[in-house]
Amino acid sequence: MSSGVGVDLQDMWIKFGDFVAVREANVNIKGGEFFSFLGPSGCGKTTILRAVSGFLEPSDGKVLIGGNDMAGKGPNERPTALIFQNLALFPLMKVWENITFSMEVRGASADERRKRADELLDMIALSGQGDKLPSELSGGQKQRVAIARALCAQPDVLLLDEPLSALDLKLRQHMRTELREIQKRVGITFIYITHDQGEALTMSDSVAVMKAGIIDQISDGKSIYDDPATAFVASFVGENNVFRGKISKIIDGQAIIDTNRTGLLRGRVSSMAQGKLSVGDDAMMFIRPEALDISEEKSASDTRIIANVRHSEFEGQSYNVFMEGSAGKEMKMALTNRGETRLYDADVELTLGYDANQAVIVPAGELASE
Amino acid sequence: MNGFMKEYFRRNGMLLGWTLLFLVGFWVIMLIILPQISMLDFSFRNHLPPPEMGGPKDTYTLVNYKFLIFGAQGNEDGYNKVDLLVFLRTLIAAAFVTILDLLICYPIAYYLGQSKGGGYIRILVLLLIIPYWINEILRAFAFRIIFGDSGVINEFLMLFSIIDSPIDFIRANIALYAGLSYAYILLMIFPMYNVIESLDRNQIEAARDMGASWYMIHKRVVIPFAKPGISSGCTMVFMLSAGALAAPQILGGPSSLWFTQLIYQWFNQGGNWPQGSAYAVVLLLTCIVIVLSVMRIFKVNMGDIGK
Amino acid sequence: MKTESPLIRFGLAIYLVLFFTYLLGPLVLMGITAFNSASFPQVTPWEVFSFEWFTTLFNDKRILSGIGNSLIVGFFTVILSVAMGLAGALMLTQIWPKLRATFYTVIIAPILIPGVVLGISTLVFWDRVNIMLGLSDDSFLRNGIFLTVLGQATFISSYCMLVFVARLQRYDLGLTEAALDLGATHVQAFRKIQLPFLMPAVGSAAVLAFLASFENYNTTTFTFQDYPTLTIELAQKVRYGIDPSVSALAFIIVVITVFFALLNEVKTRRAQLAIANGAPVGAVSGSFKMPGFFSGNPAAVVLTLFVAVVVGTIAYSQFYDPEPAKAVLLKEKRAAQQLRIKALQERVRLQRLEKKLKGPDIFGSGNSKVPQPPSKSASPFGNVFAPTNLEKAAGTNKDEKKPAPKKPGTSAFGNVFAPTNLEKAAPKE
């Protein structure tokens, strides 16, 4: 597995005229890794993918694949295969011709290609469908043909550009598992582009979160979720209650911030922000809805929030309670469904508590827009 | 620009990139731009026998343009009335043909554009196209058969004693106008049809719902929407009518020359190329000016032409 | 349309009938004149149903060589125009955005430039190049076919370009990228992916280009030199006196056109039906299946009838003999000749009347010198360019008044559609 070919981006800039699409990207993708770029549309993640696959030349910096500089090499000279967002299956070719196109252009014989196509069709559970046209397949089947076509080129690195975005929810979730399994089986490096945090977190070994051409954080999924590096990452990945304020005290990896509306609150300083915050700095604290709970025993005053219920709803695995704190501060709490009814009427006053280690403090910054 | 070329070859590769560049370059430079410049250059030269070309007499001159305006030297009138009149009449007649075509074609374009398709409409469209595939000369020929002294119309009129002797439709230019309008019907219909087809039927329904009359619907809803198609069609018909040669030669009355016929005479009968070039340049410039002003007046883009 | 008042619907119906009469009437009438034995193309008076004008047509050397030249010019024009039009369209999709509008204007301009101007500029430019290169007067740069092809391709490429632009708008550039990504070279990606996608457009562009080339007159008339195309020959023929063999040619062209139009319609319709029925695309382009061929496809029915009528007519022409009918006509004409004096008197009366109507000839053209035959004959369609032709035209008028069998070369009516002639015509059906 670790023998796969890695990809390195070194100080890579990509500019279109005056517009900077990617700013100083430094990424080290290990061989055999499932690596995701996560970000809202227009953040430059597809641009990075096109630079890796060779459709774009970086304005500055380098792309290395397996340690080799790719400068000046076109897409047909790189050991990469790309799965396009719309799949780009050749509409006039049969499924098996689509799959073995990479062999056709290298001059392989029809027999050879047919044999290889059958193997790959077996692998993607589409045996016997080789003579159909892509237009006769369902969405999920097309998806698998696109994967087979890319794998047939025997790339060292497979690049996937939001390949699941056109599928419906059920199929999407199923394909996540399938993609992950294929990746484990073939053992090559996967670079995956998505704006869907669920896809990134479930499948990836590592995730890079991007905003407006800048990579904010690269780490494994759990760290991205539990230990975000910036306000953007915290607000983009998952839901969060955000509290703005100034640092009033720093104690041993934790800090107390003075929020204007909710008073003093305690939280843990994000590991990436350790040492970068000092007293008086503008900061933000994020508490996940599921990290809030009804305060049964009185918790310390700096991890306690008083709020009035606006409305609450039942969502199956949890109850969502929407509340308003002092000075109109809106908050959301998710209570796990353990069998008892936890729907609250409007205007009921609740005392909420949380574990200070589950509240993350980062320097103040831009939030992801809804 | 350099970056563009780099990107261009990156996208197309060397072989394909150069092939494309060569083909486009040949077309644009050798077939479009240089010939026009060459014609312009020629129009400013003296009419010389081949041995003297490039000799001392081969200088630039305005004599060819002067001839169009003032006529031959020693002309009593002061102006070349004959040729200028032909020029003016060609433009007016072309405008007349354009308006005629617009009137004939608007209803059919609207009807086809707003019908909900189906085999019947497809057949109608097919019928529209078929005459366009027939040779230009033959179309003019058909009109000569119809409008001739012993043509169908004269025979018909005389059969019912409406007239005693045949009407000379050719001399009256009726055959010419009918033939020209006929020749360019399709070029008027299709731009309009394409635009009207994209007009949401609900808009017409809504207008009718609000009590708009049939006239108001067209004036306020359909025509403003179809404007790009209308001006595109009118531009093409006008240009082609003004530049027509076959129909005037075959259907034109003896006393009414078309401007293109003058050009033709300078080349094929007079052998005076510079003079013919000057006339052609005048025709070309006039057409350019007219097209540009129509586009300016009706606020139409070049991109709308030729849809 | 349903909510229109009856008055408007009635008006619309009248308008549609008038419109299509205007559109198709001339072609129908011209077709009919091809079968009238009268030596001027006319519907009335009807003399005798005859195929003789087709024979005349197939024996006309100039028309035949004109067709040959047209085919040669058409062939090269199609190749050049499709290639340049495609290159132009591809370039348009990827040219520097700031240049795009200018580039588009330049390559669309030939459509709007008058054809005569294109012909002249082509002629003048290549003549200049010829001189600059110091080549002889009969170099290929002065060759009629070379000049005609270039002149026509100048604007026909623009038509082709428009066809390709329309098709390219629906092309996903991702497909080319996918091919490159899978290791194809640029040429391979173009040939295996983009070109197959563009193939229908290549087909229609080629047809369009050929038709435009075949019927072009304005440009060709300046460039043809020693290679007159069919259109040029026709124009000469029509300008200097006309006979129904031109109608015969027009009739053949109309028949071929209608045939291919119907064939195309049938194909389109079948494809639509098949897709509507959810049939796999492969089956659509498959072979004809007779039962399914007609179902829900009126065009197919029309096409079949059409072919049957054409084949029937050709078969009929083989043994049809207009001679007895001609003899009858001749008898009648002789009888009519006995009343010649009376007819002459009538003519004089008409002539006077006409003079009164028209008044003096205000145009003062050469026409007035030639006495105008009153009716039933072609008036000289005043040919302003060559006064000598008036005599020629007047001469043919005299011929027309004679009984037909006296015309030389047309006496053997019995075998007008000799088998050898039919062979030439047959492949067209």
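Per-structure values
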| item | result |
| --- | --- |
| Placed amide H near residue A:216: partners under 5 Å, 5+ positions off or other chain | A:209, A:210, A:211 |
| Between 0 and 90°, nearest 10: helix A:110-123 axis offset from chain A longest Cα axis | 30 |
| Degrees between helix A:139-152 axis and first principal axis of chain A (Cα, 0 to 90, nearest 10) | 60 |
| Chain A, relative contact order in percent, only Cα pairs under 8 angstrom and at least six apart counted | 15 |
| Under-5 Å amide H pairs with residue A:352, H placed in peptide plane, nonlocal only | A:295, A:305, A:306, A:307 |
| 0 to 90° range, to nearest 10: angle between helix A:169-186 axis and chain A longest Cα axis | 60 |
| Chain B - mean residue ellipticity at 222 nm from DSSP helices (-39,500 (n - 2.57) per run, n ≥ 4, rounded to 500) | -20500 deg cm²/dmol |
| Cα gyration tensor category, rounded, prolate or oblate, for chain A with a/c compared to 1.5 | prolate |
| Cα shape, region A:253-354, gyration tensor, a/c 1.5 rule | prolate |
| ³J(HN,Hα) computed for each position of region B:185-198 - Karplus, 6.51 cos²θ - 1.76 cosθ + 1.60, integer Hz, glycine/proline x | 3, 4, 5, 7, 5, 5, x, 5, 4, 4, 6, 5, 4, 7 |
| Links that overshoot a 21 Å alpha carbon limit, given the list B:81/C:237; C:237/C:331; B:219/B:299; A:132/A:170 | B:81/C:237; C:237/C:331; A:132/A:170 |
| Ranking of A:93, B:216, C:132 by count of other Cβ atoms within 10 Å, fewest first | C:132, B:216, A:93 |
| Region A:7-226: C-alpha gyration tensor shape, a/c 1.5 cut-off, then a/b vs b/c | prolate |
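Where a number appears in this text, it was derived from the coordinates with a stated rule and is not lab data. Predicted model only: the values in this text are computed from it and were never measured. Methodologically, a virtual Cβ is constructed for each residue, glycine included, from the backbone with ideal geometry; neighbour enumeration extends over all protein chains shown.
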